[in-house]
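Right, one structure below, let's go through it.
Only the coordinates and a few stated rules stand behind these numbers; no lab work does. Computed from a predicted model, the values in this text were never measured in an experiment. Neighbour counts are summed over all protein chains in view; Cβ atoms, including those assigned to glycine, are modelled from backbone coordinates with ideal geometry.
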Amino acid sequence: MSSATGTVTTAGAPAAGAPAAGAGAPEPGSLRALLPALAGHRATTARTCAAALLEQGSLVALVTLAAHTVGTAVIEAEAPSSGTVAALVALVLLRALATWREMDLSHDLAYRVLAALRVRVFDGLARSAPARVAGRRSGDLAATAMADVEALEFFYAHTTAQLLAAATVLTGGATVLAAAEPWLLAAVLPIAALLAVAPFAEARGRAVRGARTRAAVAELSADTVETVDGLRELLAFGALAGRRRRLAERGRRVGDAQRAEAAWEAGVAAVRDLLVVTAVLGVVAAAAQSAASGRLHGAWAPAAVALSLAVLGPVAESARSLSRAVSLRAAASRVGAALNAPALAPPPAAPRALPPGPLGVRLHGVTFDYGGGPVLDGVELTVRAGQTLALVGASGSGKSTCAHLLARFWDPSGGAVQLLPAEGDAIDVRELADAELRRAVALVGQETPLFHGTLAENLRLAAPGADEGLLAETARLCGVDRIAPMDTPVGERGATLSGGQRARVALARALLVRPRVLVLDESTAHLDNASEARLASLIRAEGRTTVVIAHRRATIRRADRIAVLEAGRVAEEGTWEELTARPDSALNRSLAHLPS
């Protein structure tokens, strides 16, 4: 998960809780669960339904009146009156206007809902990060945030309003037919029922095929993003040809999945057409029998047939739309999982305010695990305000986990992570609002996420309202001004910058918010010793509390105190002189494997 001040690596964190790319049939209620997204657009939804009803109703009235006019002209040799002609013209215009209006409103509604859904999906990913996105590929996450949300456009634009309008038209038409000639209704209703039931009968198979397509698209998206990101490495090691074959195979899987869906849809469409043809034959036979027996006047027979088929048309179209919507269950399930992702660090019910002044840090009896064995086991650690603490230990000893807990990307399984004001009681970070915590604690991680834009824009991610003077001063202190002018584009992910230059930008970004606690998770590894020493002097001069995770002797030696982690516990703590004076100390064991 990226933050304004750095990035959180998720190495070692499991992907538990992350929705899968797609396997098996999604939950049947996944589409219904997304209907509440319409609640914020009630007026537009009502107008869309009204336009759809007017569009379908005007068509039924038009074909019925036209059929009656033709029947009267043929059977009774009577020309249509001027009023009838005017009514037909008015219905044609009304139908055209209603069709345009329904399409305009339905798509306006759909795209407004999708715009809000994209933001909510991102909020869900951010709320549950980093643990629930660990192990998921960035292309897969992008597919959920973009492609899966975009696929739901059909559901919001072409399903809800059409179903309501079709049900209303069928009810009204059935009432008229029952009064005019019940046999016509008997010919229509069974076919209408079969058309309405068919999408639910085939729902599971269609949902499975839709899930297979969404999974294939997500895999292709993930591989494509990785290929573009690693293009230089692929070229350098001659691995591009193999990667192209992998992408081609992913593309074939997408094509196979899409063809399977299309082939099934073609077969279902043929069955729907066959049912409609059966209804036509039944309606014609019933109308002929009714006209022959005198129950239905000959001039009204064509109108009755047209009405019967006109009310059946919206049902068939709605069945087609509903069938296609069912195939979107996989997309809806993935979007719903992102929307409803639980917060790994839930906001406090009654947030506390931090008092002004310097802050210390305490990890009090902290335990934590990623779902397996314990990573931290009863850690006790205190950093006084203004002090610099170096965390040392072998890979996997829990150093980065301590940093992530300080920034509250997770909450500890046991114990407490606290901030220590100069006066008053310690404050658990779980009692702070997120914005308050971000202003007080800044984490600069091992990775340096930069975005396509200028140096100044990347710095202002942390403090959008920072004035030019503060921006220039911070850039000067961290040496960012020596990289390039502030209006220089850095390229996607900072491609035009070296590792050391990206590290300077990340540090400047963190310092721009003037945090009272700074956590550096191996973020100075790309800096040379002289630059790192100048940075340490700057931080010390400002009296900022700093926790440094480092693998350099020089970095460790500059710290006021050193804590050595082993197997999730603080093995020893003290100054450089105290710890290195003991030949058998844990620090000396660690230093034996560290560069100078």
Fill in the blank from the handout: Quarter of the surface of the C-alpha convex hull for the stretch 39-339, i.e. direction-averaged projected area in nm², equals 19.5 nm²
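So, with +1 on the Cβ of K and R and -1 on the Cβ of D and E, and no other charges, what is the size of the charge dipole of the stretch 355-485 about its Cα centre, to the nearest 20 debye?
My answer is approximately 280 debye.
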Handout entry: Karplus-derived HN-Hα couplings along the stretch 168-176 (A = 6.51, B = -1.76, C = 1.60, θ = phi - 60°), whole Hz, x at Gly and Pro
Key = 5, 5, 4, 5, x, x, 4, 5, 5
Exercise for the section: Calculate I(q)/I(0) for the stretch 330-461 by the Debye formula, one identical point scatterer on each C-alpha and no solvent, and give its log10 at q = 0.12, 0.15 Å⁻¹ to two decimals. Expected result: -0.59, -0.88
Exercise for the section: Would you order F409, F237 from fewest to most other beta-carbon atoms within 10 Å of each residue's own beta-carbon? Expected result: F237, F409
Exercise for the section: Report, please, the projected area of the stretch 362-421 averaged over directions, based on the convex hull of its C-alpha atoms, in nm². Expected result: 4.1 nm²
Fill in the blank from the handout: GluC sites (Glu not before Pro) in the stretch 51-115 lying in a DSSP loop, each with at most 14 other Cβ atoms within 10 Å of its Cβ, come to E76, E78
Practice task
Using all C-alpha to C-alpha distances in the stretch 192-246, build P(r) with 5 Å bins and read off the rounded percent in each one.
Solution key: 4, 17, 15, 12, 10, 9, 8, 7, 6, 5, 4, 2, 0
Completion exercise
In Å, the C-alpha Rg and Dmax of the stretch 359-591 are 17.7, 53
Fill in the blank from the handout: Lys and Arg at +1, Asp and Glu at -1: neighbours of V519 with Cβ under 13 Å from its Cβ sum to +3
Practice task
Arrange the following residues from fewest to most other Cβ atoms within 10 Å of their Cβ: C478, C49.
Solution key: C49, C478
Fill in the blank from the handout: Expressed to two decimals, the stretch 288-366 has a Cα Rg over Rh, using the Kirkwood radius, of 1.62
Practice task
Report the equivalent ellipsoid semi-axes for the stretch 310-353 in whole Å, largest first, defined as the square roots of five times the eigenvalues of the gyration tensor built from alpha carbon atoms.
Solution key: 44, 13, 4
Completion exercise
Expressed to two decimals, the chain has a Cα Rg over Rh, using the Kirkwood radius, of 1.16
Problem - Rounded to 10°, Cα long-axis angle of helix 182-201 versus longest principal axis of the chain - result: 20 degrees
Problem - Positive dipole terminus of the chain, leading residue within A325, L359, G313 (C-beta point charges) - result: L359
Practice task
Determine, for V280, V417, V392, the number of other Cβ atoms within 10 Å of each Cβ, and report the residues in order from fewest to most.
Solution key: V280, V417, V392
Fill in the blank from the handout: Nearest 10, in degrees from 0 to 90: the angle of helix 42-75 to the longest Cα principal axis of the chain is 20 degrees
Handout entry: Nearest 10 degrees, 0 to 90: helix 468-477 Cα axis against the chain principal axis
Key = 50 degrees
Practice task
Considering only DSSP beta bridges where both residues belong to the chain, give the percentage that are antiparallel (nearest 5).
Solution key: 55 percent
Exercise for the section: Evaluate Rg over Rh across the stretch 233-365, taking Cα atoms for both radii and Kirkwood's formula for Rh. Expected result: 1.38
